[in-house]
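The values are calculated or read from the model by the stated rules, or taken from the named source; none is laboratory data. Values in this document were obtained by computation on a predicted structure and should not be read as measured data. Here the Cβ positions follow ideal geometry from the backbone for every residue, glycine too, while neighbour counts run over all protein chains shown.
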Ligand code: 13P
Ligand code: SF4
C-alpha cells in the first residue's frame, strides 16, 4: 500500500465516524476499497445490511442499482454512490416501457426481476431476486408462468432447476459473457482435479461445466468450507482478491483474466473520501416508484 493510500484510508475512517456512516462494499470492488469496508458481500447480503443498519449514511461501493436498492429499503437514510457513473450494462438492457408492453402481452405471468435492474423496472415486478436466492424465490411462487427480467442466463438456469415456464428477457452481463466453455476446458486441462465454481450470470455452456453455481457470497462460503485444493473461478476477476485473502491454502485460477466489470472498478479511495466530505453522489428514487419497488424487494427479503 502506498503512503498516499494509507492517508486516504485514515481520512475516510475518521470522517466516517463523524458522519455516522457505514461503508458497504461489493465483493468485486478493488482491494483498496476492501480496506475501508465495514461489510463486504454480495447483492443480497448488502441489501439486508442496508435495511438493518442504524447508521445515518450508507456509502455504497458498488454500482448504481445496488445503491438504489439500499435507498428503496431505507429511504430515511442518505445513500451515497462514490462513483456516480458506475452503472450496470445488464440493468440498462430493460426499460420500464418495454416491460410494461410485455406484461400487457402476457397476462397471468408473474414478473420476477433480478435486482440488477432499475427501480422503475422493479416497480413493475411482483418480486425481485438475487443470484443467491433466485431458485428459492421462483419455487416459492404459486405461478407457473414467469416473466424473468433482465438476465437470460440466470433465467435459463433457474428455469432448468424449477421446471417452470419462463419468458426470458434477452439481457445478459457482458462480463460473464466473456467467459466461454473453451476457457473452462483449457483451465481444467491445465489443472486436473480442480473444482469449477461459476456465477449464474454465466452462459449455460459454462454452467454445465461447473461443479457449483454460486452467487459471489456463495463462492466465499464454498471456498471457506473446501479449505484447500485448486478452484477455477468463473466470474469477475475482482472476486479473487477476497477469496485468496481468506483462503491462503487454496490456489485460485480465473477462468478468464479478461472478465472484469469496468463499472465496479470506478470506485476509488479518492471518490469515497470526496463523497463523505461533500455528501455527494446521493442516490434517491421518486417516492411513487420507490413504494412500488419496495413491495417487490421486501417480498424477496422476507422470503429469502
Ligand atoms: P452477486 O449478487 O452474486 O454478488 O452478483 C452481483 C453482480 O452484479 C454479479 O455480476
Ligand atoms: Fe452488471 Fe455484469 Fe458489472 Fe455485475 S458484472 S454489475 S451484472 S455489468
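So for the range 277-287 (the condition being free of Cβ contacts under 8 Å to residues at least 40 places away in the same chain, more than 16 Å from ligand 2 (Cβ to nearest atom) and in contact with a strand residue (DSSP E or B) (Cβ under 6 Å, 6 or more places away or on another chain)), does at least one residue qualify?
no
Which one of 70, 98 is part of a helix (DSSP H, G or I) and in contact with a strand residue (DSSP E or B) (Cβ under 7 Å, 6 or more places away or on another chain)?
70
For residue 166, state whether it is modelled with pLDDT of 95 or more, within 16 Å of ligand 2 (Cβ to nearest atom), buried (at least 17 other Cβ atoms within 10 Å of the Cβ) and part of a strand (DSSP E or B).
In short, no.
Filter the range 241-262 down to residues that are assigned to a loop (DSSP other than H, G, I, E, B) and touching a helix residue (DSSP H, G or I) at 6+ places or on another chain (Cβ under 8 Å) and give me whichever is nearest to ligand 2 (Cβ to nearest atom). Let's see the steps before the verdict.
At the first step, the residues of the range 241-262 found to be assigned to a loop (DSSP other than H, G, I, E, B) are 247-249, 255-262.
Within this subset, residues satisfying the condition of being touching a helix residue (DSSP H, G or I) at 6+ places or on another chain (Cβ under 8 Å) are 247, 255-256, 259-261.
Numbers: 247: 22, 255: 14, 256: 13, 259: 8, 260: 8, 261: 3 Å.
Per the criteria, the residue is 261.
When only residues in the range 9-36 that are within 16 Å of ligand 1 (Cβ to nearest atom) and closer than 18 Å to residue 281 by Cα count, which is farthest from the chain's Cα centre (by Cα)? If you could, list the steps in order and put the result at the bottom.
The first filter runs over the range 9-36 and keeps only residues within 16 Å of ligand 1 (Cβ to nearest atom), leaving 24-30, 33-34.
Among the residues that remain, those that are also closer than 18 Å to residue 281 by Cα are: 24-26, 29, 33.
Details: 24: 12, 25: 11, 26: 7, 29: 11, 33: 16 Å.
Across the range 9-36, the extreme among qualifying residues is 33.
Take residue 108 and decide whether it is touching a residue at least 24 places away in the same chain (Cβ under 8 Å), part of a loop (DSSP other than H, G, I, E, B) and over 18 Å from the mean Cα position of the chain (by Cα). Outline the logic, then answer.
Working: touching a residue at least 24 places away in the same chain (Cβ under 8 Å): yes; part of a loop (DSSP other than H, G, I, E, B): yes; over 18 Å from the mean Cα position of the chain (by Cα): yes.
Yes, satisfied.
Within the range 37-65, restricting attention to residues that are in a strand (DSSP E or B) and closer than 13 Å to residue 267 by Cα, which residue is farthest from ligand 1 (Cβ to nearest atom)?
Of everything passing the filter in the range 37-65, 59 is farthest from ligand 1 (Cβ to nearest atom).
Give the number of residues within the range 275-303 that are farther than 16 Å from residue 70 by Cα and surrounded by 18 or more Cβ atoms within 10 Å (Cβ to Cβ).
Result for the range 275-303: 2.
Within the range 78-95, which residues are near ligand 2 (Cβ under 10 Å from one of its atoms) and not in a helix (DSSP H, G or I)?
86, 87, 88, 89, 90
For residue 68, are the conditions met, namely being under 24 Å from residue 199 (Cα atoms), more than 14 Å from ligand 1 (Cβ to nearest atom), at pLDDT 95 or above and touching a helix residue (DSSP H, G or I) at 6+ places or on another chain (Cβ under 9 Å)?
Answer is no for this residue.
Give the residue, chosen from 229, 193, 163, that is more than 16 Å from ligand 1 (Cβ to nearest atom) and without any contact (Cβ under 8 Å) to a residue 12 or more places away in the chain.
Selected residue: 163, the only one of 229, 193, 163 that is more than 16 Å from ligand 1 (Cβ to nearest atom) and without any contact (Cβ under 8 Å) to a residue 12 or more places away in the chain.
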